[in-house]
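What follows is a single structure, written as structure tokens, with notes after it.
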Amino acid sequence: MTSREQHDRMANAIRFLSMDAVEKANSGHPGLPMGCADIATVLFTRFLKFDAKAPHWADRDRFILSAGHGSMLLYSLLYLTGYEDMTLDQIKNFRQLGSKTAGHPEYGHAAGIETTTGPLGQGLANSVGFALGERIMNAAFGNDLVSHYTYVLAGDGCLMEGVSQEAIALAGHLKLNKLIVFWDNNNISIDGPVSLADNTDQVARFQASGWNASHIDGTDPEAIAYAIEAARHSDKPTMIACKTTIGFGAPTKAGTNKAHGSPLGADEIAGARKFFNWESPPFEIPADILDAWRAAGKAGAKPRADWEGRLAKAEPKLKAEFERRLAGKLPSNFDAVIADYKKKLSVDKPKVATRKSSEMALE
């Protein structure tokens, strides 16, 4: 089997888990996972630094599905790469009460969901915070303990929301070069072509905000890999506009809004199985393909172990401060500092603008 054939079969595993889960639930969005499966496969098998057996490893790369309606893409990846709490039963119970596989990914429901996404633009804005956090921690603790990327998959809706402009402007200004955004450029919204509501040149928009941005074929694994490699060597954040087809492989619904927010139907899925030469029944992944995905999920075990070794050898005071921040605990002297500050204010009674008093308190 050639490397391209292997890639195609691994990507198709995402596609069929996604469309079959949506079909079983009779609800969901199959189009994005089908269109973006190649992007996800390249990222998770060739670039993303993670260990499925240690999902909370502090220096893992982050993957944020800003286009949360395409949640089955993420759930499929978590199952295929071997996250313990994302079982096949969870995939089969997509969108059912009590399952971890909610219609939109919810932080805390399952390992590997980095942030709750659904409200469009929220994940993209969150990702700028993730990337900024990485740079701040890197400045404090160095490359040995903090050096990871934040990858984002965003859709047209994410980029139409106003919050996205505020977020990308900040990221460009701060040169958050470890932030890499894939735009699912499929030209389809839930109502029809994006041109019904928007004709923004998104690549030019990101470039104007201080980003690298370029167009690629989102179904060409080598083009995807080249773009990611270039982004990882840049001094700016990067947006990769990936030309995709929503519902790729569905005989009549591919490329239309009919593949966006509803099940494809038995005939379309049968046609997709024929198109991709996928003979496995619903929810069954060929053993060699599942093995290849599980190998990808284990690839980060050594880098994670090496990192744990560096943390163990770190200077005790530095290690303690690193672990305090990760735990979200306030500094041990926080209460005393605030009490002293209150006493100072009561004596000085400064007359300053509210915005200035807020700044002083934050400092």
Matching entry among 249, 265, 255, 210 (being closer than 25 Å to residue 285 by Cα and crowded, with 17+ Cβ neighbours inside 10 Å): 249
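Take the conditions modelled with pLDDT of 95 or more and in contact with a Ser or Thr (Cβ under 8 Å, 6 or more places away or on another chain) and apply them to residue 213. Does it pass?
yes
Residues of segment 174-190 being outside any loop (DSSP other than H, G, I, E, B) and not small (Gly, Ala, Ser), which ones?
Of everything in segment 174-190, those that are outside any loop (DSSP other than H, G, I, E, B) and not small (Gly, Ala, Ser) turn out to be 174, 179, 180, 181, 182, 183, 184, 185, 188.
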First in segment 210-236 and touching a residue at least 24 places away in the same chain (Cβ under 8 Å), second anywhere and among the acidic types (Asp, Glu), Cβ under 6 Å, 6 or more apart: 219/38; 221/38
Residue that is over 19 Å from residue 150 (Cα atoms) and surrounded by fewer than 24 Cβ atoms within 10 Å (Cβ to Cβ), where the choices are 76, 99: 99
Pairs, first farther than 16 Å from residue 146 by Cβ in segment 297-311, second in a helix (DSSP H, G or I), C-beta under 8 Å, six or more apart: 297/80; 297/81
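Given the criterion touching a helix residue (DSSP H, G or I) at 6+ places or on another chain (Cβ under 7 Å) and without any contact (Cβ under 8 Å) to a residue 40 or more places away in the chain, identify the matching residue among 163, 194, 203.
Unique residue meeting the criteria: 194.
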Tally, over segment 24-74, of residues that are in contact with a Lys or Arg (Cβ under 8 Å, 6 or more places away or on another chain), in a helix (DSSP H, G or I) and among the hydrophobic types (A, V, I, L, M, F, W, C): 3
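With respect to residue 19, is the statement that it is without any contact (Cβ under 8 Å) to a residue 60 or more places away in the chain, open to solvent by less than 10 Å² (accessible area, probe 1.4 Å) and among the hydrophobic types (A, V, I, L, M, F, W, C) true?
For residue 19, the condition - without any contact (Cβ under 8 Å) to a residue 60 or more places away in the chain, open to solvent by less than 10 Å² (accessible area, probe 1.4 Å) and among the hydrophobic types (A, V, I, L, M, F, W, C) - is not met.
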Residue check, residue 200 among the hydroxyl-bearing types (Ser, Thr, Tyr), open to solvent by 20 Å² or more (accessible area, probe 1.4 Å) and within 21 Å of residue 158 (Cα to Cα): yes
Within segment 87-135, considering residues that are among the acidic types (Asp, Glu) and in a loop (DSSP other than H, G, I, E, B), the one nearest to residue 69 (Cα to Cα): 106
Verdict on residue 169 being open to solvent by 20 Å² or more (accessible area, probe 1.4 Å), of a type outside the set (Phe, Trp, Tyr) and either in a helix (DSSP H, G or I) or at positive phi (or both): yes
Candidates 108, 142, 162, filtered to the one that is open to solvent by 10 Å² or more (accessible area, probe 1.4 Å), closer than 27 Å to residue 257 by Cβ and small (Gly, Ala, Ser): 162
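The values are calculated or read from the model by the stated rules, or taken from the named source; none is laboratory data. Computed from a predicted model, the values in this text were never measured in an experiment. Here Cβ is always computed from backbone atoms with ideal geometry, including for glycine, and neighbour counts include all displayed protein chains. These area figures cover heavy atoms from the full protein model, side chains too; ligands, DNA and RNA do not enter into them. Shrake-Rupley method; radii C 1.70, N 1.55, O 1.52, S 1.80 Å.
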